[in-house]
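Asks: Here it is, the structure in full.
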Amino acid sequence: MSIQISLKERQNKNFFTTFALLAKLSNIDGSVSKSEAQIINDFIDHTLQLNPKQKAIAIQIFNEEKNSAIGYTTLAKEYKQNNVDAPEILRWLLDILFKVALVNEEFDPAEEKFIVEIAKIFEIDENEFKQIKNTHIKSTALDADYEILGCLPNSPLAEVQLQYEALLKQYNPERIRQMGMPEEFLAITQEKLANFAKAFENIQKHTTGVTY
């Protein structure tokens, strides 16, 4: 008989696995560089804005898990199982890994392999993978904006708008929280929504010359 875990238990598990995987990603070459440590600290302090207690827990997880015997694929499989009914949470974690890996807009081959393998475990298809990746690459290319919204280049504006509105509902912060996202991470969802809005605005400007 399966046992339903509480929302709080799921959030705690997701919090742990997120920082464990960030530790594995940062330590992919056998050590965490000063720049990588700074990226994680900035992520904790500025993106997540964790309080001192939450920050201490996050750093403890990070330091303990970067060299633990548990492999990142095992962690990813456990995360997938914990969120089997919440695919948005899986995409959300991949989004965080991209955010850290592409902070300098450079994708190390080992980091890319790491994220690709996790995407396969999460059963994220190629189009979704590109959609998430392009959110973190600064580009003026309009094709990237279409990909961020999950649309084909030059899709009709009405079709793009429907997809945009669907993404706003899909990534509504309250809905994502109820699925099991840790409360501390909701700021990332707001950032994701802002990226969707910017992509849609760019497409509107290109298509009609005006925004609404």
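The values are calculated or read from the model by the stated rules, or taken from the named source; none is laboratory data. Source: prediction; values computed, not measured. Every residue, glycine among them, receives a Cβ derived from its backbone with ideal geometry; neighbour counts consider all protein chains shown.
Asks: Of everything in the stretch 47-96 that's in a helix (DSSP H, G or I) and of a type in the set (Lys, Arg), which residue is nearest to Ile132 (Cα to Cα)? Working first, answer last.
Replies: Of the residues in the stretch 47-96, the ones in a helix (DSSP H, G or I) are 47-48, 52-65, 72-82, 87-96.
Now drop any that are not of a type in the set (Lys, Arg), which leaves 53, 55, 77, 80, 91.
Working: Lys53: 30, Lys55: 26, Lys77: 20, Lys80: 18, Arg91: 8 Å.
Ranking the qualifying residues of the stretch 47-96, first place goes to Arg91.
Asks: Out of curiosity, is Leu25 among the hydrophobic types (A, V, I, L, M, F, W, C) and farther than 24 Å from Phe107 by Cβ?
Replies: Values: among the hydrophobic types (A, V, I, L, M, F, W, C): yes; farther than 24 Å from Phe107 by Cβ: no.
Criteria not met by Leu25.
Asks: At pLDDT below 90 and exposed (fewer than 12 other Cβ atoms within 10 Å of the Cβ): which single residue out of Asp85, Asp42 fits that description?
Replies: Working: Asp42 fails: exposed (fewer than 12 other Cβ atoms within 10 Å of the Cβ).
Going through Asp85, Asp42 in turn, the sole match is Asp85.
Asks: Looking at the structure I just gave you, is Ile44 farther than 26 Å from Gly150 by Cα and either part of a helix (DSSP H, G or I) or under 17 Å from the mean Cα position of the chain (by Cα) (or both)? It would help to see each step written out before you state the result.
Replies: Details: farther than 26 Å from Gly150 by Cα: yes; either part of a helix (DSSP H, G or I) or under 17 Å from the mean Cα position of the chain (by Cα) (or both): yes.
Criteria met by Ile44.
Asks: Looking at the stretch 161-181, I want the residues that are farther than 11 Å from Lys192 by Cβ and charged (D, E, K, R) and have a partner that is surrounded by fewer than 16 Cβ atoms within 10 Å (Cβ to Cβ) and at pLDDT below 90 with Cβ atoms under 9 Å, at least 6 apart or on another chain. Which pairs are those?
Replies: Short answer, once both residue conditions are applied: Lys169/Arg175; Glu174/Leu186; Arg177/Leu7; Arg177/Glu183; Arg177/Leu186.
Asks: Can you pull out every residue in the stretch 41-62 that is of a type outside the set (A, V, I, L, M, F, W, C) and more than 18 Å from Ala101 (Cα to Cα)? Give the steps one after another, and end with the answer.
Replies: Applying the first criterion (of a type outside the set (A, V, I, L, M, F, W, C)) to the stretch 41-62 yields 41-42, 45-47, 49, 51-55, 60.
Passing the criteria: Gln49, Asn51, Pro52, Lys53, Gln54, Lys55, Gln60.
Asks: Filter the stretch 12-36 down to residues that are part of a helix (DSSP H, G or I), surrounded by fewer than 19 Cβ atoms within 10 Å (Cβ to Cβ) and either modelled with pLDDT under 85 or among the polar types (S, T, N, Q) (or both), then give me how many there are.
Replies: 3
Asks: Evaluate the following for Leu186: is it in contact with a Pro (Cβ under 8 Å, 6 or more places away or on another chain) and aliphatic (A, V, I, L, M)? Quick ask: steps written out before the conclusion?
Replies: On the way: in contact with a Pro (Cβ under 8 Å, 6 or more places away or on another chain): yes; aliphatic (A, V, I, L, M): yes.
When the stated conditions are applied, Leu186 passes them.
Yes/no matrix, rows are residues, columns are (1) out of contact with any strand residue (DSSP E or B) (no Cβ under 8 Å at 6 or more places or on another chain); (2) within 13 Å of Glu88 (Cβ to Cβ); (3) crowded, with 18+ Cβ neighbours inside 10 Å:
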{"site": "Glu126", "(1), (2), (3)": "yes, no, no"}
{"site": "Thr135", "(1), (2), (3)": "yes, no, yes"}
{"site": "Ala141", "(1), (2), (3)": "yes, no, no"}
{"site": "Pro153", "(1), (2), (3)": "yes, no, no"}
{"site": "Tyr164", "(1), (2), (3)": "yes, no, yes"}
{"site": "Pro173", "(1), (2), (3)": "yes, yes, no"}
{"site": "Glu183", "(1), (2), (3)": "yes, no, no"}
{"site": "Ala187", "(1), (2), (3)": "yes, no, no"}
{"site": "Lys198", "(1), (2), (3)": "yes, no, no"}
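Asks: Does the stretch 45-57 include one or more residues that are over 30 Å from Gln178 (Cβ atoms) and either touching a His at 6+ places or on another chain (Cβ under 8 Å) or surrounded by fewer than 19 Cβ atoms within 10 Å (Cβ to Cβ) (or both)?
Replies: To start, the set of residues in the stretch 45-57 that are over 30 Å from Gln178 (Cβ atoms) comprises none.
No, because not a single residue in the stretch 45-57 is over 30 Å from Gln178 (Cβ atoms) and either touching a His at 6+ places or on another chain (Cβ under 8 Å) or surrounded by fewer than 19 Cβ atoms within 10 Å (Cβ to Cβ) (or both).
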